[in-house]
Amino acid sequence: MQWRNSPTRYGLVSILLHWVVALVVFGMFALGLWMVGQDYYSPWYRTAPEIHKGIGLILFAVMLARLAWRFLSPPPPAPASHGRLTRVGAKAGHALLYLGLFALMISGYLISTADGRGISVFGLFEVPATLTAIPDQEDVAGKVHLYLAWALVIFAGVHALAALKHHFIDRDATLVRMFGRGANHRA
Ligand code: HEM
């Protein structure tokens with residue numbers, strides 16, 4: 001399989017980025033919900049948020065690289081069988097996933113840095129606080145982060161269902177393309 005995307009296939013870089021980010025998004029959602037339920041006496045009370053924040057900041061860097069890669073190596077156009085509405089819907093849906101994910105990560109950063117302290121990424125380096133003057137920043141960003149997380153996970157679920165519909169009902173190449181296959185026997 002080639003690294004770059006081609007006019008008919010997704011390449012290895014885009015495929016790996018897609019599935020790693022998908023796993024991390026669902027994993028971070030579960031970790032986030034679980035960690036806010038831990039009480040002060042839990043051994044995870046401090047560690048789980050450290051992990052959540054560290055992974056979130058690394059994910060931010062990965063998503064910037066993903067966007068740069070998308071620019072350098074554009075994704076293949078939609079399968080030939082997709083009508084106009086499907087193409088526009090898919091484009092808008094993907095754009096919303098990118099946007100939602102960035103908004104989610106930024107709101108998380110704004111919660112953790114509201115008190116002016118930076119975030120240590122697994123003790124390796126620190127990302128400094130920047131914006132700290134939003135009124136009730138921690139609360140506001142916290143609410144935004146929670147609602148956005150739910151919205152994004154539900155939307156990603158709809159996105160996954162759409163991929164399954166393409167695979168099992170329309171029988172086109174949409175899903176297999178994200179596993180490195182070309183159109184071949186599918187439209
Ligand atoms: C198990 C769940 C998932 C499945 C089955 C799935 C499936 C797919 C498929 C088949 C495509 C290619 C669509 C096409 O070629 O038109 C795609 C693209 C995409 N997916 Fe997913 N996906 C899943 C989870 C996620 C998650 C959690 C996110 C992020 C929150 C995500 C974000 C995206 C984006 C942004 C694209 C567009 C990629 C590009 O061309 O730039 N997906 N997905």
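Rule-based calculations on the coordinates, nothing more; no lab input. It should be emphasised that the depicted structure is a prediction, and the values quoted were computed from it without experimental measurement. Neighbour counts run over all protein chains shown; Cβ positions are idealised from the backbone, glycine included.
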Considering each of G32, G93, G56 in turn, give the residue that is of a type outside the set (S, T, Y) and either under 27 Å from A173 (Cα atoms) or in contact with a strand residue (DSSP E or B) (Cβ under 6 Å, 6 or more places away or on another chain) (or both).
G93
For the range 1-34, give me the residue count where each residue is crowded, with 17+ Cβ neighbours inside 10 Å and more than 20 Å from I154 (Cβ to Cβ).
8
If you go through W19, W69, the only one that is farther than 19 Å from G182 by Cβ, of a type in the set (F, W, Y) and near the ligand (Cβ under 10 Å from one of its atoms) is W69
Taking only pairs six or more apart or across chains, which ones have beta-carbon atoms under 8 Å, a first residue in the range 76-91 that is near the ligand (Cβ under 10 Å from one of its atoms), and a second residue that is part of a loop (DSSP other than H, G, I, E, B) and basic (K, R)?
P76/R9; P79/R186
A114 - would you say it is surrounded by 17 or more Cβ atoms within 10 Å (Cβ to Cβ) and away from the ligand (no atom under 13 Å from the Cβ)?
yes
Among what's in the range 129-145 and is among the aliphatic types (A, V, I, L, M) and surrounded by 16 or more Cβ atoms within 10 Å (Cβ to Cβ), pick the residue that is farthest from the ligand (Cβ to nearest atom).
A129
